[in-house]
Amino acid sequence: MDIVSCVKAAVSAVIPKRKCTNSSFNIPGWNTYVKEKHELAREAYTVWVQAGKPKFGTLFDNMKRNRAIFKLALRYCRNHIEEMKADACAESLLNKDARKFWDNVYKISIAKTSAQVNSIGGVTGSVDVTSMWKDYFEKLYNIKQDSEFRTRFMEKLQARNVNFNTVFTIYDVLHAFRKQKKSKAAGSDGVAMEAFLYGGHRLWTQLCIII
């Protein structure tokens with residue numbers, strides 16, 4: 001854990017990160033119905049602010065009118081989101097853009113799927129399903145000496161002639177790292193493979209010790 005913490009600290013200090021967030025304005029029909037009105041509303045608002053935010057007059061009325069038109073178009077898209085998705089599929093099909101067509105179909109179909117399974121093995125409810133998996137893995141990874149799973153695991157190790165006294169050198173660790181793929185998503189610990197690839201001989205030495 002100390003080694004992983006050090007690697008995380010080094011990655012956080014050296015490698016820049018960018019946080020991606022979903023915007024509520026990423027809705028179907030934006031470019032067709034809303035984009036132009038949004039630009040006019042922003043331009044009118046900027047002119048109104050530069051004029052000192054007057055409470056009446058031409059600039060104030062223009063800002064309010066353009067903002068109302070923009071909000072009306074945005075509300076229309078949100079209220080007809082399914083129609084917008086269908087129109088996007090039809091447009092891509094008419095333009096013979098197969099890639100864009102199937103991308104739109106995938107987005108529509110994936111939005112209708114459930115993020116969680118409702119029933120597993122006759123057990124329903126998140127609490128009961130979690131308890132079922134907990135009991136299953138407790139039996140699967142039982143550490144008792146007379147465990148059926150432990151016996152089966154040790155038999156497989158002996159069949160493979162695993163030597164528990166094997167000594168790993170720094171070159172073995174480096175050779176294993178070089179076989180790994182780059183530009184992949186980080187694991188559950190949040191550390192990318194590049195952190196170990198370019199960690200240097202001190203990190204590789206520590207890994208040899210704990211292995």
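Taking the condition of being out of contact with any helix residue (DSSP H, G or I) (no Cβ under 8 Å at 6 or more places or on another chain) and either surrounded by 14 or more Cβ atoms within 10 Å (Cβ to Cβ) or in contact (Cβ under 8 Å) with a residue 12 or more places away in the chain (or both), how many residues in the stretch 66-82 meet it? Residues in the stretch 66-82 being out of contact with any helix residue (DSSP H, G or I) (no Cβ under 8 Å at 6 or more places or on another chain) and either surrounded by 14 or more Cβ atoms within 10 Å (Cβ to Cβ) or in contact (Cβ under 8 Å) with a residue 12 or more places away in the chain (or both): 4 in total. Tell me whether the stretch 49-67 contains one or more residues that are in a helix (DSSP H, G or I) and either touching a Gly at 6+ places or on another chain (Cβ under 6 Å) or among the small types (G, A, S) (or both). Checked against the condition, which is being in a helix (DSSP H, G or I) and either touching a Gly at 6+ places or on another chain (Cβ under 6 Å) or among the small types (G, A, S) (or both), the stretch 49-67 yields no hits at all.
Residues are listed down the side, and each one gets a yes or a no for (1) outside the structural domain of Y198 (by TED's automatic domain parsing); (2) hydrophobic (A, V, I, L, M, F, W, C); (3) at pLDDT 65 or above:
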position: N142; (1), (2), (3): yes, no, no
position: R150; (1), (2), (3): yes, no, yes
position: F153; (1), (2), (3): yes, yes, yes
position: K156; (1), (2), (3): yes, no, yes
position: L174; (1), (2), (3): no, yes, yes
position: R178; (1), (2), (3): no, no, yes
position: K181; (1), (2), (3): no, no, yes
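Taken over the stretch 23-72, residues that are within 27 Å of K85 (Cβ to Cβ) and charged (D, E, K, R) amount to 7. Considering only residues that are at pLDDT 65 or above and farther than 13 Å from P28 by Cα, which ones fall in the stretch 106-117? Result: Y106, S109.
The values are calculated or read from the model by the stated rules, or taken from the named source; none is laboratory data. Note that the coordinates shown come from a computational prediction; the quantities given were computed from them, not determined experimentally. Please note: Cβ atoms are built from the backbone with ideal geometry, for glycine as well, and neighbour counts cover all protein chains shown.
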